[in-house]
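Data block below; observations after.
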Amino acid sequence: MPSEFKQAVLPNGLTIIAECDPEAHTAACGFFVRTGARDERHEVMGVSHFLEHMMFKGTEKLTADDINRGFDELGASNNAYTSAELTCFYAHLLPENLSPGLGLLAQMMRPALRQADFDTEKGVILEEIAMYKDNPFWVLYEACVEKHYAPHGLSHRVLGTTETITALQRDQMQSYFDSRYASDNTVLALAGRLDFRRAVDEAAALCGSWTPSGVDRSRRLPGPAGGRLELRDAKVNRAYMLAMCEGPSMDDERKYAASLLAQVLGASDNSRLHWSLIETGIAEEAQSAFDPHDGVGDYYVFAAGDPERADAIWEAIEKELARLIDSVTEDDLVRLRNKAATAATLGGERPGDRMQRLGRMWTYLGKQIPLEEELDRINRVTLDDLRSTYEAFPIRAATLGRLLPGT
């Protein structure tokens, strides 16, 4: 996987980074804005995601149809997403179409934010919120995150709520855009077969007029979390349980061990929860995951099944949590290392995946870690590393939520 890392910073603070691979058959580019739900004021919760939608509605010179047709004509695979901590707009193209693709993406990054478009898209966002209310896992997960992190910004729902989106005004979005979508809060990441010097010159012509704002993320971290919650919904007929607890942050080397522990516990197959709950028929779903954030991280454990078995399901989960660290063997570690290495290597063969990895890493850490180095870090995780990580961040239910049938 030969690639060369390159970096440049425009006078306005826009950072441009790339992993150039002359042997690649495609190229990819993406703008990563260091803003998400955690950076919103509570009263405008959901504005980051709403704004992501508005970026496709056109600029002062381009209509929404111009943007969509432009990417189609280039044969691009393009999209966008919003998380709690970043917003990304990207395109994956043939190398000969990278320049016009970057040009279209950069223009899109300065939307008109017309009132008529805002009013129309508000209805779309409200429909999306309503759709997720029909997903029991999502309902319970958002409620637990809110309980776990409140009143910190990490408790915010990425989509917002029906109330916050209904009340949101176009001028509030404009103010948020002007502050957060600044040149010095944005990273342009590229990967694949490309001419970096040419890309920098093009970015300077396209984005050189963007203004910096000096905005930064609050360094305040969540306080002690925990508690219990129970939701009832007459539309559900299963019992859903979700527990959350603290884990390593994105800049903590223990995140590699934490990720392996979560897979041992609750990967989709051949995990402790799978064998003890799914294969035995005690539960219909069971999984766990680890999610590192800026300054903090978390684990979650989730299960679903017959409401009559809710207590038995949770008792089985607690047994697996209690015996987890003593049950992990060297064979488990070898298997997990190999799976992680395979997944990372497969992603490393696609410029689109490399661009995403590079952009997210820089947005969080302000540096590039070569894929080969990260694979080496994963392969160096030992049983002692798993034990010490587990001792520092024991997987226990600090926050526990249940969603059950009824009113």
*Here are ARG217, ARG197, ARG193, ARG180: which of them is without any contact (Cβ under 8 Å) to a residue 40 or more places away in the chain and either among the basic types (Lys, Arg) or within 22 Å of MET355 (Cα to Cα) (or both)?*
ARG197
*asked:* Pull out all pairs, ordered by first then second residue, where Cβ-Cβ is under 6 Å, the residues are six or more apart or on different chains, the first lies in segment 142-159 and is more than 15 Å from ARG228 (Cα to Cα), and the second is of a type in the set (Gly, Ala, Ser) and modelled with pLDDT under 95.
replied: none
*Every residue from segment 65-87 that is part of a helix (DSSP H, G or I) and either within 17 Å of the chain's Cα centre (by Cα) or buried (at least 18 other Cβ atoms within 10 Å of the Cβ) (or both)*: ILE67, GLY70, PHE71
*Among the residues of segment 223-263, write down those that are surrounded by 19 or more Cβ atoms within 10 Å (Cβ to Cβ) and part of a strand (DSSP E or B).*
ALA239, TYR240, MET241, LEU242, ALA243, MET244, CYS245, GLU246, GLY247
*asked:* Can you list residue pairs whose Cβ atoms sit under 8 Å apart, with the first residue in segment 354-376 being touching a residue at least 40 places away in the same chain (Cβ under 8 Å) and the second being surrounded by fewer than 19 Cβ atoms within 10 Å (Cβ to Cβ) and hydroxyl-bearing (Ser, Thr, Tyr)? Count only pairs 6 or more apart in sequence or on different chains.
replied: LEU371/THR345
*Taking segment 294-341, which residues are touching a strand residue (DSSP E or B) at 6+ places or on another chain (Cβ under 7 Å), in a helix (DSSP H, G or I) and of a type in the set (Ser, Thr, Tyr)?*
none
_Against the condition of a type in the set (S, T, N, Q), within 26 Å of the chain's Cα centre (by Cα) and within 29 Å of ALA398 (Cβ to Cβ), how does THR363 come out, does it pass?_
yes
*Could you check how many residues of segment 102-115 are buried (at least 22 other Cβ atoms within 10 Å of the Cβ) and touching a strand residue (DSSP E or B) at 6+ places or on another chain (Cβ under 6 Å)?*
2
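Only residues that are surrounded by 20 or more Cβ atoms within 10 Å (Cβ to Cβ) and in contact with a Leu (Cβ under 7 Å, 6 or more places away or on another chain): list them for segment 88-101, please. Full working, then the answer.
Of the residues in segment 88-101, the ones surrounded by 20 or more Cβ atoms within 10 Å (Cβ to Cβ) are 88-93, 98, 101.
Listed by number, the residues that qualify are PHE89, ALA91, LEU93, LEU98, GLY101.
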*Enumeration of residues in segment 158-167 that are surrounded by fewer than 21 Cβ atoms within 10 Å (Cβ to Cβ) and not β-branched (Val, Ile, Thr)*: GLU163, ALA167
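Out of LEU102, LEU93, report the one residue that is modelled with pLDDT of 95 or more, under 14 Å from LEU206 (Cα atoms) and not polar (S, T, N, Q).
Working: LEU93 fails: under 14 Å from LEU206 (Cα atoms).
Testing whether each residue is modelled with pLDDT of 95 or more, under 14 Å from LEU206 (Cα atoms) and not polar (S, T, N, Q) leaves just LEU102.
Could you tell me whether any residue of segment 381-402 is polar (S, T, N, Q), more than 24 Å from the chain's Cα centre (by Cα) and either at pLDDT below 95 or in a loop (DSSP other than H, G, I, E, B) (or both)?
Step one: of segment 381-402, the residues polar (S, T, N, Q) are 382, 388-389, 399.
Next, from what is left, pick out any that are more than 24 Å from the chain's Cα centre (by Cα): 382, 388.
So of that shortlist, the ones also either at pLDDT below 95 or in a loop (DSSP other than H, G, I, E, B) (or both) come out as 382.
Yes, there is a match, as at least one residue in segment 381-402 is polar (S, T, N, Q), more than 24 Å from the chain's Cα centre (by Cα) and either at pLDDT below 95 or in a loop (DSSP other than H, G, I, E, B) (or both).
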_Name the single residue that is farthest from the chain's Cα centre (by Cα) among those in segment 15-32 being buried (at least 24 other Cβ atoms within 10 Å of the Cβ) and of a type in the set (A, V, I, L, M)._
ALA27
*Does PHE118 satisfy the criteria of being in the same structural domain as ARG34 (by TED's automatic domain parsing), buried (at least 16 other Cβ atoms within 10 Å of the Cβ), touching a strand residue (DSSP E or B) at 6+ places or on another chain (Cβ under 6 Å) and of a type outside the set (Gly, Ala, Ser)?*
no
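The values are calculated or read from the model by the stated rules, or taken from the named source; none is laboratory data. Predicted model only: the values in this text are computed from it and were never measured. A quick note on method: Cβ atoms are made from the backbone with ideal geometry, for glycine too, and the neighbour counts reach across all protein chains shown.
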